[in-house]
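The values are calculated or read from the model by the stated rules, or taken from the named source; none is laboratory data. Because the structure is predicted, anything quoted here is derived from the model rather than measured. Cβ placement follows ideal geometry from the backbone for every residue including glycine, while neighbour counts extend to all protein chains displayed.
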Amino acid sequence: MDDRWFTFFYQYGIGSAIFCALMFLLLKTKAIKLKRTYDRRIFYLLIAGLVSFMFIHGTWSLIV
Amino acid sequence: MLDAIVVLLYFTLIVGVGVWVGKFSKTTSDFFFGGRRFSWWLVGMSCVATLVGSYSFIQYSQLGVNYGMSSMAAYTNDWYMLPIFILAWLPIIYYNNIKSVPEYFERRFNRTVRQMVIVMLLIYLIGYIGINLLTIGVAMKSIVAGNPLLQTIFGVRVFEKMWSMGGLLDWNLLVPAIVIAILSGLYLHAGGQTSVIITDLLQGFLLLAVGLSVVVIGIYYVGGFSTFWSGLPTAHKLPFSGFNEPAKYSAVGVFWADGIIGSVSFYCINQGMLMRFLSARSVHDGRKAIIFVIALLMPFAAIAVGGVGWVGKILVDTGALEIASSKEVFIRVAQLICAPGIYGFVVAAVIAALMSTLDTLIAAASAIVVNDIVRPAFPGKEDGYYLKQAKRISLVITAFGIFLIPVFDQFNSIFRALTHFTAMVMPPLVVVTLVSIFFKKFSSRGAFWTLIIGSAALLLSVFFPVLVKPIAQGIQSESFSMMRSLFGAIVSAIVAMIFLIFNQDKDTLEKDLTGLTMHTIDEAAIQYSGGSAKSVDKLAFSSDALSYEVDWKDAYKDIHLSNSVMEKLGVETGDLVFITDERWWLGGLRSTHAILSDPHDQADNMVIISKEIFDRGNFLPDCKLKIENAI
């Protein structure tokens, strides 16, 4: 695999795994409750942010 | 001449504004946390000035010229760890009114762990102040050395004439650093965090605007965007450097050292950053601030600090610029492409980056000394006493930082030792902090030994880098400096897990940890808001602009609203509300929190506040107020 894509998948693979583990712990300990509108908004915002960074870095690697 | 005028005007503006806003700082809460009243955009913008450190323009431009656009990587990899800060650590610290990181460790564990963390953080912070001041000296030397006018402004010539010291001291390095330290100390002494936030707001705007402008001017200078883009080698256009090479700036090293461990240490454990987010008017605003910083401002800041290096690469490759070392690329490119006057703004932007990091570090060290040493040693004194001590201590720390400049400059081994120390302190602290908030059963003994063994393992790895090799993921290096933090985190995590499984002491199990772990954040919020559970489940509401009346005779207490406004806000008597001047652009400078008293029976658009609230909120007569649910 091209070094640029290996780096990309390594970072977003491990980074997303850590991110998801944190979200799981936050849900499990009820630090956030998805039945609350406010918490739900933050939850989806965080996921959207991660996907956006991934999309920008991915597109950038692709264009170059 | 024009450049010198710009720099002088800049100094006057920053110190003038910093000292002026000092009048809003009346208590220790104002001094350390800006009265916990600032809007998200003000907190966020001022954060950028702090995040763009004294070394940033020089270091990231150097990375830019050497490795291209991957210089942005460290500024765009904080999102992975963001959930832990905004959904757990910030609410825990904010709702529990915790004033410092060590204080959390005493509440969560015991005094021994707190004392240990105090020592670690103080050596880290004071050492970091010295390192920053030395970096300021080095950065300013490259600007001042060849410019007689700037040498005069900074007083270098006076010192050179008065004391030659046999060439022992480099006045070009020392004097500008001292001048910047004194000016930062001056406005910090006047207004603490309030002055820091307002001046950092201005400095944040300046360094972003100037940094981005220089990059745009540079691209125009080399012949426009298409020339710029086609002139860069492919490797220089990629968002990440090579996976495990170069050893000094590999993608895997940046990911672990900066994106994972660095993000937690910077946002959660760095007392200066923590104080910045605690100065937000609510947890909600603190969350908005950090999202604003990480999603929007940091990518722009990455271009502002590293972009000159990309332009420099083209200029060097085409022979338009010759540089002896990649370290000087920022200054040399700026000198080449900027007209007189514009270059003055570049110098001002570098100074802005230097001052805004320095003032935050001094405020953070002063907060730890006052809250973790002076308060426990002299309990029960009036707030004015601690405020006086805070101001004195900030000056003493500034003076001590100045003393460290020639020491670090002359004795490189001390500088290196401290650099190693700062790298050794953070990974164990990051692990202990995360395990403390994740697991209720993590014991004091576990925290203590995780800190000791984690730091010892890191120290050992400095002398035996081979220890780091198994996790170096192919990086070929003699020191494995970038992967050391991952090594420290793994060792610390193993120790913490062993204690978590095999050693649960009775004291920790029986201790009341309400509000101090992720499991009980709602309880902390209820306690903070005054006890009304209803407000926790509601979205934050804000009232319309309301006229107000000050109760000069103290017949009323705190703040009174009409029944219908209270209902709209979702608050009850005894709840905490936030009162602010309706003008949003003040960013909360005229505002305060207060406990809600019984409803009044006057018109709905009327608020009644006590004289004490009027003074505390710095309100002006004849303006309108908005009331917000504090949760």
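Of all the numbered requirements in (1) within 7 Å of chain B (Cβ to nearest Cβ); (2) polar (S, T, N, Q); (3) under 14 Å from residue B:260 (Cα atoms), residue A:29 misses one, and that requirement is (3). Among the residues of the range B:44-53, is there at least one that is among the β-branched types (Val, Ile, Thr), within 14 Å of chain A (Cβ to nearest Cβ) and closer than 30 Å to residue A:23 by Cα? No - not one qualifying residue is present in the range B:44-53. A single member of B:223, B:253, B:286, B:259 is in a loop (DSSP other than H, G, I, E, B) and either in contact (Cβ under 8 Å) with a residue 60 or more places away in the chain or more than 20 Å from the chain's Cα centre (by Cα) (or both), and it is B:223. Across the range B:590-631, the qualifying residues are those that are among the β-branched types (Val, Ile, Thr) and not in a loop (DSSP other than H, G, I, E, B), and the one among them that is farthest from residue B:571 (Cα to Cα) is B:613. The residue that is nearest to the other protein chains (Cβ to nearest Cβ), among those in the range B:513-547 that are modelled with pLDDT of 85 or more and not in a helix (DSSP H, G or I), is B:517. Evaluated against (1) under 22 Å from residue B:32 (Cα atoms); (2) within 18 Å of the chain's Cα centre (by Cα), residue B:75 falls short on exactly one condition, (1). Taking the listed residues A:10, A:44, the one that is at pLDDT 95 or above, in a helix (DSSP H, G or I) and under 18 Å from residue B:251 (Cα atoms) is A:10, with no other qualifying. Among residues of the range B:74-91 being more than 9 Å from every other protein chain (Cβ to nearest Cβ) and in a helix (DSSP H, G or I), the one that is surrounded by the most Cβ atoms within 10 Å (Cβ to Cβ) is B:85.
When residue B:36 is tested against (1) modelled with pLDDT of 90 or more; (2) in the same structural domain as residue B:100 (by TED's automatic domain parsing); (3) closer than 30 Å to residue B:189 by Cα, just one condition goes unmet, and that condition is (2).
Filtered by the rule that a residue be modelled with pLDDT under 90, aromatic (Phe, Trp, Tyr) and either under 26 Å from the mean Cα position of the chain (by Cα) or part of a helix (DSSP H, G or I) (or both), the range B:409-452 gives B:415, B:421. Go through B:238, B:296 for me and flag whichever is surrounded by fewer than 23 Cβ atoms within 10 Å (Cβ to Cβ), modelled with pLDDT of 90 or more, out of contact with any strand residue (DSSP E or B) (no Cβ under 6 Å at 6 or more places or on another chain) and of a type outside the set (Lys, Arg). Being surrounded by fewer than 23 Cβ atoms within 10 Å (Cβ to Cβ), modelled with pLDDT of 90 or more, out of contact with any strand residue (DSSP E or B) (no Cβ under 6 Å at 6 or more places or on another chain) and of a type outside the set (Lys, Arg) holds for just one of B:238, B:296, which is B:296. Whenever a residue of the range B:469-485 is buried (at least 16 other Cβ atoms within 10 Å of the Cβ), its partners that are hydroxyl-bearing (Ser, Thr, Tyr), lying with C-beta atoms within less than 8 angstrom and at least six residues away or across chains, give the pairs B:475/B:250; B:480/B:461; B:482/B:249; B:482/B:250; B:484/B:461. Residues in the range A:42-64 that are facing another protein chain (nearest Cβ under 9 Å) and under 22 Å from residue B:525 (Cβ atoms): A:42, A:43, A:45, A:46.
Could you pull out the residue among B:351, B:342 that is of a type outside the set (Ser, Thr, Tyr), surrounded by 24 or more Cβ atoms within 10 Å (Cβ to Cβ) and out of contact with any Ser or Thr (no Cβ under 6 Å at 6 or more places or on another chain)?
On the way: B:342 fails: surrounded by 24 or more Cβ atoms within 10 Å (Cβ to Cβ).
Answer to the check: B:351.
For the structure I just gave you, tell me whether residue A:49 is assigned to a helix (DSSP H, G or I), modelled with pLDDT of 95 or more, loosely packed, with under 12 Cβ neighbours inside 10 Å and of a type outside the set (Lys, Arg). The answer is no for residue A:49.
Residues that are more than 10 Å from chain B (Cβ to nearest Cβ), within 28 Å of residue B:440 (Cβ to Cβ) and more than 11 Å from the chain's Cα centre (by Cα): does the range A:1-23 have at least one? So far as the range A:1-23 goes, no, none of its residues is more than 10 Å from chain B (Cβ to nearest Cβ), within 28 Å of residue B:440 (Cβ to Cβ) and more than 11 Å from the chain's Cα centre (by Cα). The residue that is farthest from residue B:179 (Cα to Cα), counting only those in the range B:313-352 that are among the hydroxyl-bearing types (Ser, Thr, Tyr) and outside any helix (DSSP H, G or I), is B:318. For the range B:575-619, filtering for residues that are of a type in the set (Phe, Trp, Tyr) and surrounded by 22 or more Cβ atoms within 10 Å (Cβ to Cβ) leaves 1.
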